[in-house]
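The values are calculated or read from the model by the stated rules, or taken from the named source; none is laboratory data. Keep in mind that this is a model prediction, so the values were computed, not measured. Don't worry about glycine lacking a Cβ; one is built from the backbone with ideal geometry, like all the others, and counts go over all protein chains shown. Accessible surface areas use protein heavy atoms only, side chains included; no ligands, DNA or RNA. Shrake-Rupley method; radii C 1.70, N 1.55, O 1.52, S 1.80 Å.
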Amino acid sequence: MRCGSKNAADQQGQNAMTAPQITGAETSAANHSPLILALPKGRILKALSPVLQRTGIAPDRDCLEESSRRLRFGTSDPNLDVVRVRSFDVATFVAYGGAQIGVCGADVLMEFDYPDIYAPLDLGIGGCRISVARPKSMTEDPTKGQSRLRVATKYPTIARRHFASRAINAEIVHLNGAMELAPTLDLASVIVDLVDTGSTLRANGLMETETIAHVTSRLIVNRVALKTQPEEIGALIERFRAALAQEIAA
């Protein structure tokens, strides 16, 4: 038994001597994965294209094509990938660490108010506003002298906060689209929605009555990622900062 134990120990020692040693650098390389930049689909992505060009970040060509069914794309930077998601989902991807950095509208940040998100830069693109609107045919403002109001919106937090500041209890009808139909079909007295030119409101017989907030797109970062990967995340922030400075200088 002692002889067998000695032979086994000798064999283990030989195996340990001949086994390949993995260095810390190799372990880091093996665990390395690209940073993820979350971008919104639609008009903001188109407006963002010149900014990306100035940063030197070139996503795969089909990233900017609405017809592409892919959701994840490589870029000219091997350490950075892009995911393309719904504008309302960008903040969620970044807040929960699915992406370390992203671009989303200030409206989304106002609505969700994630504590894990840091917004270091206003990119100055995608300008619009969050507004209250009602039918043109409505002769009296339904918000005047009321303590309760039914509001159709995809921004329940923003709407409740806005009307609460005026001592109005907002009953929310949560819609994700076709908001303009709500007053004409008696779903709500007013709507709270994102407005660009106002042409959709006018085409559906509505008019703006209040502007709650002006909105532009922001560069956002996951706070934990910024602490654990400060050099990589910091370098990306500086690339966007430099791109904005180039635009101002031009």
Radius 9 Å from Cβ of Lys154, net charge of other residues (Lys, Arg +1; Asp, Glu -1):
-2
Reported to the nearest 10 Å², Tyr118 has, with a 1.4 Å probe, an accessible area equal to 90 Å²
Any idea what the dipole of the chain comes to, in debye rounded to 20, about its Cα centre with Lys/Arg Cβ at +1 and Asp/Glu Cβ at -1?
300 debye
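Give me the accessible area per residue for the chain, probe 1.4 Å, as a whole number in Å². Write out the running numbers ahead of the final one.
Details: 13880 Å² over 250 residues.
On a per-residue basis, the chain sits at 56 Å².
For the chain, what is the percent of antiparallel DSSP beta bridges, rounded to the nearest 5? Show your work: numbers first, answer last.
On the way: 26 of 43 bridges.
Bridges in the chain are about 60 percent antiparallel.
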State the antiparallel share, in %, of DSSP beta bridges confined to the stretch 129-214, rounding to the nearest 5.
55 percent
For Ile212, the residues 5 or more places away or on another chain with a placed amide H closer than 5 Å to its own amide H are Ile130, Ser131, Val132
Among DSSP bridges having both ends in the stretch 35-174, what percentage is antiparallel? Round to the nearest 5.
20 percent
Label Asp113 and Glu232 with points 7 Å out from Cα along Cα→Cβ: what is the distance between them in nm?
3.2 nm
Straight-line reach from Lys136: which aspartates and glutamates have a Cα under 18 Å away, not including same-chain ones fewer than 8 places off?
Glu180, Asp186, Asp193, Glu208, Glu210
Assign one of three labels to the stretch 129-214, namely rounded, prolate or oblate, based on the Cα gyration tensor with a ≥ b ≥ c the square roots of its eigenvalues; rounded applies when a/c is under 1.5, prolate when it is not and a/b is larger than b/c, and oblate otherwise.
rounded
Ignoring ligands, DNA and RNA, what percent of the accessible area of the chain is carbon or sulfur (1.4 Å)?
52 percent
